[in-house]
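Notes follow once the structure below has been shown.
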Amino acid sequence: AQLFAEFGHWEPCLKAAQEARALSPARAVDLLLLQATALDNLARPKESLTVLREAQKLEPVNATLQNNLGYLLLEQGGELSEAARLIESAAQLAPNNGSVTDSLGWLQFRQGKVSAAEATLRRAADQNRFSPEVRKHLGEVLLAQGKVREAVEQWERALAYPFPDRA
């Protein structure tokens, strides 16, 4: 399942994760996270949310789990206060994790804290230099502040990372 995920093959990843779960009653949080990620990438967010809630019962203080669940709630229009609690907790547990810092910055932006969001997303860009998602979010925040040229630069970087051979 992990190997399929590395190459973005989400259907076989999901199938392998489900088969692994069927083989054992043990519920490893990492396997549940992988299954939830596959479901999310297959545009099945409600099922992903269900799997993340199952993982949350097993390991409520897991930074990656809290971040993924909080971000999914944020993106799916879930309870903003719950998303904030989860993401802020993840940020305390993993302050140097670029993905978590990105989620925190995006949360701040959604809360209307645009200046704080810019600072947080710049830190996320330093922590995770080649993340298109961080660059995309930073561009959105910059655009909201009227910094159009810099926003476009961030979006160009976001596009360059997944396609390094394209001009």
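Taking (1) under 22 Å from ASN128 (Cα atoms); (2) among the aromatic types (Phe, Trp, Tyr); (3) touching a Pro at 6+ places or on another chain (Cβ under 9 Å) in turn, PHE7 satisfies each apart from (3).
For LEU34, state whether it is open to solvent by less than 40 Å² (accessible area, probe 1.4 Å) and of a type outside the set (S, T, N, Q). Full working, then the answer.
On the way: open to solvent by less than 40 Å² (accessible area, probe 1.4 Å): yes; of a type outside the set (S, T, N, Q): yes.
So LEU34 fits the description; yes.
How many of the residues making up the range 4-56 are under 19 Å from the mean Cα position of the chain (by Cα) and either in a loop (DSSP other than H, G, I, E, B) or among the acidic types (Asp, Glu) (or both)?
Quick first cut of the range 4-56, residues under 19 Å from the mean Cα position of the chain (by Cα) only: 4-10, 13-14, 29-56.
Applying the additional criterion that residues be either in a loop (DSSP other than H, G, I, E, B) or among the acidic types (Asp, Glu) (or both) yields 6-9, 30, 40, 42-44, 47, 54.
Of the residues in that region, 11 qualify.
Of all residue pairs spaced 6 or more apart or on separate chains, those with beta-carbon atoms under 7 Å, a first member in the range 108-136 that is without any contact (Cβ under 8 Å) to a residue 24 or more places away in the chain and a second member that is open to solvent by 60 Å² or more (accessible area, probe 1.4 Å) are LYS136/TRP155.
Only one of GLU75, GLU118 is surrounded by 14 or more Cβ atoms within 10 Å (Cβ to Cβ) and over 24 Å from ASN41 (Cβ atoms). Can you tell me which?
On the way: GLU75 fails: over 24 Å from ASN41 (Cβ atoms).
None of the others qualify; the one that does is GLU118.
For the range 127-163, a residue qualifies if it is over 13 Å from GLY105 (Cα atoms), charged (D, E, K, R), assigned to a helix (DSSP H, G or I) and at pLDDT 95 or above, and the qualifying residues are ARG149, GLU150, GLU153. For LEU39, are the conditions met, namely being surrounded by fewer than 16 Cβ atoms within 10 Å (Cβ to Cβ) and either farther than 18 Å from LEU86 by Cα or in contact with a His (Cβ under 8 Å, 6 or more places away or on another chain) (or both)? Against the criterion (surrounded by fewer than 16 Cβ atoms within 10 Å (Cβ to Cβ) and either farther than 18 Å from LEU86 by Cα or in contact with a His (Cβ under 8 Å, 6 or more places away or on another chain) (or both)), LEU39 does not qualify.
Rundown of residues vs (1) of a type in the set (Val, Ile, Thr); (2) touching a Lys or Arg at 6+ places or on another chain (Cβ under 8 Å); (3) crowded, with 20+ Cβ neighbours inside 10 Å; (4) outside any helix (DSSP H, G or I), yes/no style:
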| site | (1), (2), (3), (4) |
| --- | --- |
| ASN68 | no, no, yes, no |
| TYR71 | no, no, yes, no |
| ALA84 | no, no, no, no |
| VAL100 | yes, no, yes, no |
| LEU104 | no, no, yes, no |
| LEU107 | no, no, yes, no |
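Hey, can you tell me all the residues within the range 54-90 that are of a type in the set (Lys, Arg) and modelled with pLDDT under 95?
Residues of the range 54-90 that are of a type in the set (Lys, Arg), as a first pass: 57, 85.
Across the range 54-90, the qualifying residue is only LYS57.
Within the range 150-162, residues that are on the phi < 0 side of the Ramachandran plot sit with their Cβ atoms under 7 Å from residues that are open to solvent by 70 Å² or more (accessible area, probe 1.4 Å) and part of a loop (DSSP other than H, G, I, E, B), at 6+ positions apart or across chains, in these pairs: TYR161/PHE130.
The values are calculated or read from the model by the stated rules, or taken from the named source; none is laboratory data. Since we're looking at a predicted model, the values are computed, not measured. Reconstructed Cβ throughout: ideal geometry from the backbone, glycine too, with neighbour counts over all protein chains shown. In case anyone asks, the SASA skips ligands and DNA or RNA and just uses the protein heavy atoms, side chains included. Shrake-Rupley method; radii C 1.70, N 1.55, O 1.52, S 1.80 Å.
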